[in-house]
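J.: Handing you this structure, nothing more for now.
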Amino acid sequence: MKVVLKDLLKRFTNSDRAAVNTINLVIEAGELAVLLGPSGCGKTTTLRMIAGLEEPDSGRITINKRDITDLAPKDRRVAMVFQNFSMYPTMNVYDNIAFPLHAIKLGRKEIDETVREVARLVNIDHLLQRSVRQVSGGEAQRVALARSMVRRPEVFLMDEPLSNLDAKLRVQLRTEIKRLHQETSATFIFVTHDQEEAMTLGDKIIVMKDGDIQQAGTPHRVFFAPENAFVANFVGTPSMNLLPGAVQKTASGAYRLQLPGFDLALPARFNDGLNNLRGDQVIWGIRPEAIRLAAETGENCVSGVVELVEALGSRDLIFARVEDQLFRVIVDALDSTAVGAPCHLRFDGAQMHLFDADSERSLLAEQTTAGTG
Amino acid sequence: MRVPKSERILAYVILITMASLVLAPVLAGSITAFKPQIIWVSSPPTWIFEPTLENFEFVFFTRKGWLYLRNSLIISIGSVALALILGVPAAYAFARFRFRGSKALMQWLISLRMIPPIVVGLPFYAMFLNLERTFNIGLRDTYPGLIITYQTFLLPLVIWMMRGYFADLPAAMEESAMVEGYTRLGALLRVVLPVVWPGIVATAILNFIFAWNEFFLALILAGNRTSTLPMTAGTYIVRTRVEWGNLFAVNLIIMAPVIVLTIILRQQLVKGLTFGILE
């Protein structure tokens, strides 16, 4: 079911800025969309408005062309899984899963069949008679998943359902949610502040900040072509190296970038954007993965000293100091280097990002014109 | 934490001393309740005697104690029931919704419990009198009159206690039920109330004890028809003498349910405070 948010605005009385600031968003039928952003960015409020738990100040919400903006939560045919609540404590697992079915007055036999079928789907059919005290946190969240599925909703809403679980369980359940999404082919809207979770789960990632949508697109698009400096910084771990600098047009028409202590040639794909830039101040960005340790210095290369090495397993994260700037560099663990060693950093021109220092928007022409909706 | 033995002994000595100071008069009085009239005030006191129930018989039947017991029960149970019916939904609203003045309202409610009963007793008397004269609604010396009046000190306590229980529950609990096909009221009844049930029982018991022990408002607003047990205790202290045996017999009848309920309340409070919610 296609979910469309049109000019959705929500203000809370105790705050002067909007929690959700007139956003527009289309989530296609069967898509797994992830709302991603830091706390307070409006992602949960957006989800709660779709569920009907918060009332928008203005704007419309439609599911499959049905306007649900003014419907009670129970009439929206959506299901929701919460972060800090999983099981009704006075009911056992079976009654928990059956609970939504009692609301629609199904027969006992039908309820029983549905409960058992759904319980099998999330691998808790052996726990049906257990009470809250007898299930683990992960199992309780599976109960919540099962309960959300029994009424065969059109849209699943998930508000950080994995945040309270330990790392191993989180990865395990993440895979299972992905599998459920494929099996049910329903529309999923998933809220998280964990960008890794967003990357692995999402068909589409919607990055939010301060009530605004910063960028909506595929995980690849959001990672490789961030539309602004916030997205560039927020998505990816370790995060992108971002440095303020100034651009200079050379006689040949190409641009060079002045950074503290060194300068670089900029690829031609930035030329259109730079020609339209007001002033010369930019933010230059490069992912830790796009920096190589070079044997000797050369073009687009700078010398520094290794200050810290963190082992990430097959790869190492190196902090290299150049002047007063600390670069994060990801290298293959086998090619790693020692603390205190001098090093040459080579920047991959194809993977450079450039943002207007004022608006923080990307200077790649195609992106600056592309909308965020 | 291990407490050294010497400190524990000291604690027990202090506690036993304090408890004796409080309990000695109660014990002496309770023994007197079973003394025949001739040795009520013998000097020195008689401690060895054949216990009798004649004092209880006298206060219960001759002086119509059973009637006052009935009044006390009706008024206490009635006012606790009304306080719960009004207070539990109010507490839920205070716990879940923020509205203009909600904080001030909560503080005002607690202030109601700080003022002495005479401050509300006399205005209530004047109000009831006016209602009688102007609208011909008689509330003096009626059960509804006392039950309404008792709300001034029961309702704030119900709201404050129950708000705490509700606030401890994640809002997502009702919200989950609301998304799953129920109205907020349906979610409250089917999901939230079963969870806070021990809290409701604890609140009811505590409020019952307050209502049961209430003396001053009843003295002002009750009359022949609605006298409560604590009021009648006073009638055994007359100008010429104190009917000690009868007085303590009444006192025991008043105390007995309070003692039993307090023991139950202790268990309920522990249950109420540990709902067994995960996380």
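The values are calculated or read from the model by the stated rules, or taken from the named source; none is laboratory data. These figures come from a predicted structure and were not determined experimentally. For neighbour counting, all protein chains shown are included, and Cβ atoms are generated from backbone atoms with ideal geometry for every residue, glycine included.
J.: Only one residue in A:170, A:133, A:142 is assigned to a helix (DSSP H, G or I), free of Cβ contacts under 8 Å to residues at least 12 places away in the same chain and within 23 Å of residue A:89 (Cα to Cα). Which one? Full working, then the answer.
T.: Working: A:170 fails: free of Cβ contacts under 8 Å to residues at least 12 places away in the same chain; A:142 fails: free of Cβ contacts under 8 Å to residues at least 12 places away in the same chain.
A:133 is the lone residue from the list that is assigned to a helix (DSSP H, G or I), free of Cβ contacts under 8 Å to residues at least 12 places away in the same chain and within 23 Å of residue A:89 (Cα to Cα).
Rundown of residues vs (1) modelled with pLDDT under 80; (2) in contact with a Leu (Cβ under 9 Å, 6 or more places away or on another chain); (3) of a type in the set (Phe, Trp, Tyr), yes/no style:
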| position | (1), (2), (3) |
| --- | --- |
| B:64 | no, no, no |
| B:77 | no, no, no |
| B:105 | no, no, no |
| B:121 | no, yes, no |
| B:124 | no, yes, yes |
| B:135 | no, no, yes |
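J.: Can you go through B:155, B:188, B:193 and tell me which one is more than 14 Å from chain A (Cβ to nearest Cβ) and modelled with pLDDT of 90 or more?
T.: B:155
J.: Identify, from the list B:143, B:125, B:150, B:165, the residue that is within 14 Å of chain A (Cβ to nearest Cβ), under 24 Å from the mean Cα position of the chain (by Cα) and under 25 Å from residue B:211 (Cα atoms).
T.: On the way: B:143 fails: within 14 Å of chain A (Cβ to nearest Cβ); B:125 fails: within 14 Å of chain A (Cβ to nearest Cβ); B:150 fails: within 14 Å of chain A (Cβ to nearest Cβ).
On inspection, the qualifying residue turns out to be B:165.
J.: Within region A:181-194, identify whether any single residue is buried (at least 24 other Cβ atoms within 10 Å of the Cβ) and of a type in the set (Asp, Glu), and answer yes or no.
T.: Within region A:181-194, not a single residue is buried (at least 24 other Cβ atoms within 10 Å of the Cβ) and of a type in the set (Asp, Glu).
J.: So which of A:308, A:354, A:293 ends up being within 26 Å of the chain's Cα centre (by Cα) and not in a loop (DSSP other than H, G, I, E, B)?
T.: That would be A:354, the only listed residue that is within 26 Å of the chain's Cα centre (by Cα) and not in a loop (DSSP other than H, G, I, E, B).
J.: Could you grab me the full set of residues in region A:38-59 that are surrounded by fewer than 18 Cβ atoms within 10 Å (Cβ to Cβ), outside any loop (DSSP other than H, G, I, E, B) and either at positive phi or β-branched (Val, Ile, Thr) (or both)?
T.: Answer for region A:38-59, where residues must be surrounded by fewer than 18 Cβ atoms within 10 Å (Cβ to Cβ), outside any loop (DSSP other than H, G, I, E, B) and either at positive phi or β-branched (Val, Ile, Thr) (or both): just A:59.
J.: Show me the helices (runs of 4 or more DSSP H) entirely contained within region A:191-264 in which 1 or more residues are in contact with an Asp or Glu (Cβ under 7 Å, 6 or more places away or on another chain), in contact (Cβ under 8 Å) with a residue 24 or more places away in the chain and farther than 19 Å from residue A:26 by Cβ. Step through it out loud before you land on a result.
T.: Numbers: elements: A:195-201, A:219-224, A:229-234.
Hits in region A:191-264: A:229-234.
J.: Suppose we keep only residues that are out of contact with any strand residue (DSSP E or B) (no Cβ under 8 Å at 6 or more places or on another chain) and of a type in the set (Ser, Thr, Tyr) within region A:1-37. Which one would you say is surrounded by the most Cβ atoms within 10 Å (Cβ to Cβ)?
T.: Filtering first and then ranking leaves A:15.
J.: Which ones in region A:198-234 are closer than 24 Å to residue A:156 by Cβ, surrounded by 24 or more Cβ atoms within 10 Å (Cβ to Cβ) and of a type in the set (Val, Ile, Thr)?
T.: Answer for region A:198-234, where residues must be closer than 24 Å to residue A:156 by Cβ, surrounded by 24 or more Cβ atoms within 10 Å (Cβ to Cβ) and of a type in the set (Val, Ile, Thr): A:205, A:206, A:207, A:213, A:222.
J.: Given A:336, A:362, which one is surrounded by 15 or more Cβ atoms within 10 Å (Cβ to Cβ), more than 17 Å from residue A:263 (Cα to Cα) and at pLDDT 90 or above?
T.: A:362
J.: Still on this structure, please answer the following. Give me the residue from region A:60-113 that is in a loop (DSSP other than H, G, I, E, B) and more than 14 Å from chain B (Cβ to nearest Cβ) and, out of that set, surrounded by the most Cβ atoms within 10 Å (Cβ to Cβ).
T.: Looking only at region A:60-113, we keep the residues that are in a loop (DSSP other than H, G, I, E, B), and these are A:64-65, A:68-72, A:76-77, A:82-92, A:103-107.
Filter once more, keeping what is more than 14 Å from chain B (Cβ to nearest Cβ): A:64-65, A:69-70, A:107.
On the way: A:64: 14, A:65: 8, A:69: 18, A:70: 11, A:107: 9.
Going through the qualifying residues, I end up with A:69.
Residue by residue, here is whether (1) of a type in the set (A, V, I, L, M); (2) under 16 Å from residue A:145 (Cα atoms); (3) at pLDDT 90 or above holds:
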| position | (1), (2), (3) |
| --- | --- |
| A:61 | yes, no, yes |
| A:72 | yes, no, yes |
| A:77 | no, yes, yes |
| A:85 | no, yes, no |
| A:97 | yes, yes, yes |
| A:105 | no, no, no |
| A:109 | no, no, yes |
| A:113 | no, no, yes |
| A:117 | no, yes, yes |
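J.: It is to be established whether one or more residues within region A:156-179 are surrounded by fewer than 24 Cβ atoms within 10 Å (Cβ to Cβ), away from chain B (no Cβ under 13 Å), in contact with a strand residue (DSSP E or B) (Cβ under 7 Å, 6 or more places away or on another chain) and of a type in the set (Asp, Glu).
T.: Looking through region A:156-179, none of the residues is surrounded by fewer than 24 Cβ atoms within 10 Å (Cβ to Cβ), away from chain B (no Cβ under 13 Å), in contact with a strand residue (DSSP E or B) (Cβ under 7 Å, 6 or more places away or on another chain) and of a type in the set (Asp, Glu).
J.: For a quick check of your reading: which helices (runs of 4 or more DSSP H) sit entirely within region B:151-233 and have at least 1 residues that are surrounded by fewer than 19 Cβ atoms within 10 Å (Cβ to Cβ) and among the hydrophobic types (A, V, I, L, M, F, W, C)?
T.: B:184-187, B:193-213, B:216-221
J.: For residues that are closer than 21 Å to residue A:23 by Cβ and hydroxyl-bearing (Ser, Thr, Tyr), scanning just region A:56-96, find the one that is nearest to the chain's Cα centre (by Cα). Lay out the reasoning, then the answer.
T.: From region A:56-96, those closer than 21 Å to residue A:23 by Cβ are A:56-71, A:73, A:76, A:78, A:80; that's our starting set.
From the residues that got through so far, the ones that are hydroxyl-bearing (Ser, Thr, Tyr) too are A:58, A:62, A:69.
Numbers: A:58: 25, A:62: 23, A:69: 25 Å.
The extreme case among them is A:62.
J.: A further question on this structure: If I go through region A:114-123 residue by residue, how many of them are part of a loop (DSSP other than H, G, I, E, B) and either crowded, with 21+ Cβ neighbours inside 10 Å or of a type in the set (Gly, Ala, Ser) (or both)?
T.: 1
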